[in-house]
1. Between 462, 449, which is of a type outside the set (Ser, Thr, Tyr), in contact (Cβ under 8 Å) with a residue 12 or more places away in the chain and out of contact with any helix residue (DSSP H, G or I) (no Cβ under 9 Å at 6 or more places or on another chain)?
2. Under the condition of being without any contact (Cβ under 8 Å) to a residue 40 or more places away in the chain and surrounded by fewer than 12 Cβ atoms within 10 Å (Cβ to Cβ), which residue from the range 352-365 is farthest from residue 312 (Cα to Cα)?
3. From the list 401, 405, pick out the single residue that is open to solvent by less than 70 Å² (accessible area, probe 1.4 Å), part of a helix (DSSP H, G or I) and in contact with a Cys (Cβ under 9 Å, 6 or more places away or on another chain).
4. Taking the range 191-220 only, how many residues are open to solvent by 30 Å² or more (accessible area, probe 1.4 Å) and under 28 Å from residue 91 (Cα atoms)?
5. Only residues that are within 22 Å of residue 244 (Cα to Cα) and open to solvent by 50 Å² or more (accessible area, probe 1.4 Å): list them for the range 164-185, please.
6. Quick check on the range 420-432: of everything there that is open to solvent by less than 50 Å² (accessible area, probe 1.4 Å) and either modelled with pLDDT under 85 or not in a helix (DSSP H, G or I) (or both), which residue is farthest from residue 484 (Cα to Cα)?
7. Can you tell me which residues in the range 434-452 are under 30 Å from residue 383 (Cβ atoms), part of a helix (DSSP H, G or I) and at pLDDT 90 or above?
Amino acid sequence: MLFLPDFSVSDDHARQEQVWEILAKGHDRSPYAIRRRLTEDSVRATDRRVSFVGLDAYLAAGGTVMRDLFEEDRGGWLQDVGLLDQLVMDRLGAEGERIGQEGWKWVAVAVDFTYGHADAMRRIDGSEVPIDSDQQARLAALEAEIAAIEAEWGQSSEVPDEVNQRYDAAQGEMRAIAQRPIAFDSADMAIAGVFVSLDHDGTLDIERGFVRPDDEPEHDRAARGEGEGDKANHDDADRPPAAVTVVGAPVQPAEEEDDDVVRPLPDRLVTELTVHRTLALANALAANPSVAFHAVLHAMVLSVLYHASRESCLGLSLVRPQFLHQEPGLSACPSAIALDARAEHWKSVLPGDEGDLWETLIAMSAEDQAALFAHCASKAVNAVWEACGRYDNGRISPATIERRIAHSNVLARAVGLDMVAAGWTPTVDRYLGRVTKPRILEAVTDALGEEKAGLIAHLKKGDMAQQAERLMDGSGWLPEPLRTTGHGGADAGDPAGTDGEADDPADLPAFLASDDDIALAVAAE
């Protein structure tokens, strides 16, 4: 029994259950979608769903058609909408099963998919199947047949119907051969899927080769707990059949009776009209880079400097990272101070009323716009490594973290990031006092050489960390998480200005410069 309020527009329980089953598998479960389905009481014979399943199939299943005896009705209206929907769903499901046998991981079928349904997916590339020798021979024969018809009838004012039919058939067959099918690699197909929907004329529209983010190879391996060396060989014979999902398709609204009262436009109609306007506006914005830059800058400034603002029609906002774990006194580091100073500057320049922001941005110089844009973009930077579940059972996956850090290296190389110049040095509080003794010795060895590391190897951890801080002051050494790696930039693990040789003994702590004091320190342990 269904108790959802939006289902109360119809007292047909069977139809309620059918609509529930359809919408439960779809993306649009809004009150509009529910009411439209429940109030649809007839479908024109020209509807693409009817073209897809065939009027004969509908009649054979017991459906009825209402005809107008006095007006042209283009085939009439199908009265049993539930039956038509069921026939459509059954046949779409069968088509999905057939296409899934090609070797895809999943198939989603629907009369319609929402605009942008695959935006978050990667599309794999296929290659055209080459024309074989038999097809080449057939193309040559068709070309010869067409040439002969044109030579014989090209100047004639009247051409027999059978000649026109031969000519059209030959051209159609040539087009079919020339339109080569696309072949995909079986390994790609094993992680990708297909969208199957209906075109405007009721024929199948098949879009192959979409990879969902969760099915990307590195994400899938992380979810299974596999590493790079664990790439399993999945034979086609062991591959499970494609998962076929039938998504409930939208239907046409019921026609209302005419009356003399001018009523407000229906909410659903207003929504659909503004969706269309949104696409047109987006297309116009895409063709005007200057206005697009201003619009994005406007949205970013609202998000960063005008809290809780809803002025922009762009669905853009900056997700600021939450630094849940940070060293004491982080707000006093040079980078934080500089960021805060920029924010205060822009707050003093920009208007207090967000309604005046657009005109203010337009009046700015290009240099100021670019500087403000960069400041806002900086607030969204997140190069933080986070611990997460090995099997992707948390809010974020290991693969996502890996991609985040990889891109942070790209960005760091682009801006010439220098963590030493940014004020980071290896101190007891920041690093040396929070790692094990082998890690401390590893850092000193990496920065100054084995000889210097040997000077403090006998000390207890607390003393070792303090002396390591003193030794490494000014070395420019960075732990691995602070290094920028990748193409086009040096790995910051080799500190500038060091050659691994020992410093002058005068640079060492007094108690390390004396053999007697070293012996006493060893005895103390």
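The values are calculated or read from the model by the stated rules, or taken from the named source; none is laboratory data. Given the structure is predicted, the values throughout are model-derived calculations rather than measurements. Positions of Cβ are generated from backbone atoms using ideal geometry, with glycine treated the same way; all protein chains shown enter the neighbour counts. Surface areas here come from the heavy atoms of the whole protein model, side chains and all, with no ligands, DNA or RNA. Shrake-Rupley method; radii C 1.70, N 1.55, O 1.52, S 1.80 Å.
1. Details: 462 fails: out of contact with any helix residue (DSSP H, G or I) (no Cβ under 9 Å at 6 or more places or on another chain).
Result: 449 is the single residue among 462, 449 that is of a type outside the set (Ser, Thr, Tyr), in contact (Cβ under 8 Å) with a residue 12 or more places away in the chain and out of contact with any helix residue (DSSP H, G or I) (no Cβ under 9 Å at 6 or more places or on another chain).
2. Only one residue fits best here, namely 365.
3. Details: 405 fails: in contact with a Cys (Cβ under 9 Å, 6 or more places away or on another chain).
The unique qualifying residue is 401.
4. The number of residues fulfilling the criteria is 11.
5. Step one: of the range 164-185, the residues within 22 Å of residue 244 (Cα to Cα) are 182-185.
Answer for the range 164-185, where residues must be within 22 Å of residue 244 (Cα to Cα) and open to solvent by 50 Å² or more (accessible area, probe 1.4 Å): 182, 185.
6. 428
7. Matches in the range 434-452: 437, 438, 439, 440, 441, 442, 443, 444, 445, 446, 447, 448.
Conditions tested, residue by residue: (1) touching a strand residue (DSSP E or B) at 6+ places or on another chain (Cβ under 8 Å); (2) in a helix (DSSP H, G or I); (3) basic (Lys, Arg).
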residue: 301; (1), (2), (3): no, yes, no
residue: 304; (1), (2), (3): no, yes, no
residue: 312; (1), (2), (3): no, no, no
residue: 328; (1), (2), (3): no, no, no
residue: 338; (1), (2), (3): no, yes, no
residue: 342; (1), (2), (3): no, yes, yes
